[in-house]
Each structure stands twice: as structure tokens, then as C-alpha cells.
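Participant: My questions all concern the structure below.
The values are calculated or read from the model by the stated rules, or taken from the named source; none is laboratory data. This one's a predicted model, so the numbers in the text were calculated from it and none came from an experiment. When we count neighbours, we look across all protein chains shown, and the Cβ atoms used for this are built from the backbone with ideal geometry, even at glycine.
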Amino acid sequence: MTATAVPAATEATGPADPACCEPLPVLGRDVTVPLVTGGDVTYAALDYAASAPALQRVWDDVAAYAPYYGSVHRGAGYLSQLSTDLFEQSRATVADFLGCRPADQVVFTRSTTDSLNLLASALPAGTRVFVFETEHHAALLPWQRATGAEVVCLAAPHTPEEAVAVLDVALHGAPKGPKLVCVTGASNVTGELWPVRELAAAAHRHGARIVLDAAQLVPHQAVDITALDVDWVAFSGHKLYAPFGSGVLAGRADWLRQAEPYLAGGGATRTVARRADGHVETEWHTTVARHEAGSPNVIGAYAIASACRALTEAGFGRLEAREQRLLKLLRDGLAAIPEVRVLSLFGEDSARVGVLSFVVRGWNSSHLAAALSAEYGIGVRDGLFCAHPLVRHLLGTDTEDLGACGSPDPGAGFNGNAIRVSFGAGTPDEDISRFVAALSALVREGAAWTYATEAGRCVPVAPGTPVA
């Protein structure tokens, strides 16, 4: 019995012509939202770095499978066996998508955060972990809780070359023992690409292993474990147009096989028996099942696999070319607004994916993001993006807290938070054009509505509401 019994949903949505620049169909592309100034407008989703909308292809594939849903690995019935086949085929699809080596394992998790916490729980005693302060908290913090591990937090580099040199020096001076390097593929704040292959080479020169946080890279570019020569890759489904609470940790099996199971429970065990002395004796699996206790999220795994197939069939070359064109449109638009300062770690000309953060002189970022949403129907992200050390480094120590709301003051400095615009395979050109036009109007003319601070955030107030 095989999962091919599930009816096919849709064929590849990507056009055959590589020069074609139409966005991939995603859910929500026609959703309209109300404006405080009156009327409705089609929503412009420019917060892909937080959660990308589901591809229509993914949704259709999941809908086609849903009637056949059954328990995984533990049922003798037709639907259970079919679901088990589908789950394991999804694992194989992800392995192919990532270019995994024959001995690599693909473990399904809840997210990138969960994946890196799983790896942190599997570190051999005495492991030294090297991580730059520029990482997302999901990659910066799990190692702090790893039993017996020592964390070396490296200062933010100014260039990709400096990143490699700093790591090389740090590893060279490290005592003997197991070592792990954790690095992002693309920054969730600036979108800038990190020199992953070169960092992997530096790690391996000194006997260290390396894990790639690919959460912001894998939706935008092909990621190949073998070509990059990294030991593990972690990413989330909800960044990869498959928002169903699933993630992946893929790579070397030995540390995972030797570690205590991430969760104790059914599915992770080979045998469990009560001894004569009243204690419970447990033999754990040494396969991926060791760290997948409980009933697995088969729909989440299948959604990730569907997204992997859809992006591969659409062609990353075409998707990258289109994304870079949109990025240029965005950067040119921001460059025409003197009050805007784009954040960058490696410099203005550094390569990046469709993620960009900026500040506007005199504006509180929460106020500006609220106005973009309430008055223009444009969704962006504001704040520190779960990368507090990096954003504070990029903004400098002389930034001001302009308060959550209030009239913009062009004579004031930059706010201590930033705004992030992020997009991808489903973003239409007009969303970028709308954003640039809206931002220009807000900076030039100010907000048309009154806003107040509630629970630390700037929100539009109802007409006639007194503002403190």
C-alpha cells in the first residue's frame, strides 16, 4: 500500500516560461480589509519573514489528503497505513529538497525554535557552542540551557569576510572537546546572506560541527546540505508557505542517536517493561523515532513536503530573479525618502533576500506600522524582531525612545525599534509599489488618524475618543 492512493490535488503552479514573473498563488491574495478612513482595500501582506501565506498548491494538496487522515505508525487499517506511507514519503521529499547525504536523518519538529532546542538537548557533555550575537533568539538562546555546554557569543562582524576570520580565531583558541557553530543563512532583520559555506569550512578545519538556521533562507533560495557542507539544517514550515506548525531538523544522526530522547513517550520506544523491583525498563529507538514521541503532525509534514515540491517545480532561479527585482523596487523607493535609514550589517551593497528593515527619523516605528495598516491596509512588522542584540547594534546606542505614539518630530532622532518589510514568491508587484507610496505619504503628510498607546502598542482610536 502506498500514499499514491491519495488523489492528486493540483499540478505545479509555476509557469513553464522562466522569464515569466507572475507571483505564485497564495491564500489570502484577495482578502480585503477595512480602513479607518472608510472603505475596504485588498490586503498587502508584507510580513513573510514572520509567517508566509500558504501556497494555494499546499492548501489543495492537504485538502485532498484530509479525508484519508489516519493515525501514523500505529494502525493496521487502510487509512493508518496510507497516512504512515505519506508521512515517510514526506520525510524523503524533504531530504531530497535539502540535498541530504545518505546517512542523514530528517526529524520533524514544531518549528526552527523546536529544532534547535532539540539539537541543544543532544549536545555531548562539555560542548562549546559558538554563535554570533546577530542571531535570532531561536538560534541564540537554546544553547544557554544545554546541560554542560559553554556558549561563546561572538561580536557582530562588519563584513562576511570578518565573520569567517573571527570564527576561525575563536575556534583556533578553543580547548579540545566537542564544538558546535550555529549561524543563520539569511538575517531575519536585514535579509543579508551569510557566508555559510566559508563558515562551515572554518568550523571543520578546527574539528567543529555547524548547524544552519535556514528559517529565512530556505523560502528564498535552494539549500543543499551537501554543497554547503553543514552538519545540520533547521527550518520552519510556516516560513516555507506551509503554516501548519511543523519544522525540520535534518543532518547527522550520531549526536541525536546518542542523546536522551527529546520527549519521553509512545513512538520513541522499542520496548517498555516493568522489572521485578518495580522500576520501568525502557529501550529507546535509535532512528528518527527516538525524537518524535507522540502522534506526529502528519498534515504539517505533508504540507512542508508539498511546499518543497511546489518551489522546486516553480524553479528557484526564476523565484530569486523575481524577488531581486521586487527588492530593487523597494530599495529605490526607500532611497527617495530622505528620512529613511535602511539597516545593514555588511553594507548597502550586500546580497540579501526579500527582507529589509529600516527606521524613519522622528517616527515611532509602532506608530508608523499602525498607520500603514489602519489607513492603507498594509501589514508590516515593527519592533526588535526576536533579535534584540542585532537590532540594538544596528541602531547604535544613541537611539531615542520616541514613545509608542505621538506626532512625528522630524527634528528628533531615530526610534529604538525598527520596521521590517518582507516578501516572497506570492508577493505581487503592486504590494511593493503601494507600500512605497503609502510610506512616502505618511512621512510627507503625517497620519490622517489619531492613535493611542494600548498595552505598549500604537492603535487607532475610535472617532471622538479623547486621547491622553
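Participant: Here is a list: Val288, Val248, Val280. Which entry is under 30 Å from Asp60 (Cα atoms), β-branched (Val, Ile, Thr) and modelled with pLDDT under 90?
Facilitator: Every option except Val288 fails the conditions.
Participant: While we're on this one: Inside region 266-299, can you point out the residues that are among the hydrophobic types (A, V, I, L, M, F, W, C), surrounded by 10 or more Cβ atoms within 10 Å (Cβ to Cβ), out of contact with any strand residue (DSSP E or B) (no Cβ under 7 Å at 6 or more places or on another chain) and assigned to a loop (DSSP other than H, G, I, E, B)?
Facilitator: Ala293
Participant: Against the definition (in contact (Cβ under 8 Å) with a residue 40 or more places away in the chain, farther than 27 Å from Arg270 by Cβ and either touching a His at 6+ places or on another chain (Cβ under 7 Å) or not polar (S, T, N, Q) (or both)), how does Ala95 come out, yes or no?
Facilitator: So Ala95 does not fit the description; no.
Participant: Something else about it: So which of Leu249, Leu319 ends up being surrounded by 15 or more Cβ atoms within 10 Å (Cβ to Cβ) and over 30 Å from Ile432 (Cα atoms)?
Facilitator: Of Leu249, Leu319, the one residue that is surrounded by 15 or more Cβ atoms within 10 Å (Cβ to Cβ) and over 30 Å from Ile432 (Cα atoms) is Leu249.
Participant: Considering only region 26-57, state which residues are in a strand (DSSP E or B) and either under 20 Å from the mean Cα position of the chain (by Cα) or crowded, with 24+ Cβ neighbours inside 10 Å (or both).
Facilitator: Within region 26-57, Val26, Ala44, Ala45, Asp47, Leu55 meet the criteria.
Participant: Quick check on my filter: what residues within region 104-160 are outside any loop (DSSP other than H, G, I, E, B) and without any contact (Cβ under 8 Å) to a residue 24 or more places away in the chain?
Facilitator: If the condition is that a residue be outside any loop (DSSP other than H, G, I, E, B) and without any contact (Cβ under 8 Å) to a residue 24 or more places away in the chain, then Gln144, Val151, Cys153 are the ones that fit.
Matching residues to (1) touching a strand residue (DSSP E or B) at 6+ places or on another chain (Cβ under 9 Å); (2) among the acidic types (Asp, Glu); (3) within 15 Å of Ala289 (Cα to Cα):
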residue	(1), (2), (3)
Tyr69	no, no, no
Gly75	no, no, no
Tyr78	no, no, no
Ala92	yes, no, yes
Ala95	yes, no, no
Cys100	yes, no, no
Phe108	yes, no, yes
Ser121	no, no, no
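Participant: Next question, about the same structure. Hey, Ala146 hits all of (1) touching a Leu at 6+ places or on another chain (Cβ under 6 Å); (2) at pLDDT 95 or above but one; which does it fall short on?
Facilitator: (2)
Participant: When you scan region 324-349, how many residues do you find that are modelled with pLDDT under 95 and in a strand (DSSP E or B)?
Facilitator: 0
Participant: Arg57 - would you say it is modelled with pLDDT under 95 and either within 30 Å of Leu140 (Cβ to Cβ) or among the basic types (Lys, Arg) (or both)?
Facilitator: Here the answer is no, as Arg57 does not meet what is asked.
A quick yes/no check of all residues on (1) in contact with a helix residue (DSSP H, G or I) (Cβ under 8 Å, 6 or more places away or on another chain); (2) in the same structural domain as Ala208 (by TED's automatic domain parsing); (3) farther than 19 Å from His285 by Cα:
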site	(1), (2), (3)
Ala54	yes, no, yes
Tyr69	yes, yes, yes
His73	yes, yes, no
Leu82	yes, yes, yes
Phe97	yes, yes, yes
Ser115	no, yes, no
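Participant: Still on this structure, I have one more. Within the bounds of region 416-427, is there any residue that is over 30 Å from Gln56 (Cα atoms), assigned by TED's automatic domain parsing to the domain that holds Val359 and touching a residue at least 40 places away in the same chain (Cβ under 8 Å)?
Facilitator: Yes, there is a match, as at least one residue in region 416-427 is over 30 Å from Gln56 (Cα atoms), assigned by TED's automatic domain parsing to the domain that holds Val359 and touching a residue at least 40 places away in the same chain (Cβ under 8 Å).
Participant: So the check is Cβ under 8 Å with 6+ separation or different chains; which pairs have a first residue in region 353-375 that's in the same structural domain as Val218 (by TED's automatic domain parsing) and a second one that's surrounded by fewer than 24 Cβ atoms within 10 Å (Cβ to Cβ) and at pLDDT 95 or above?
Facilitator: Hits for this filter: zero, empty list.
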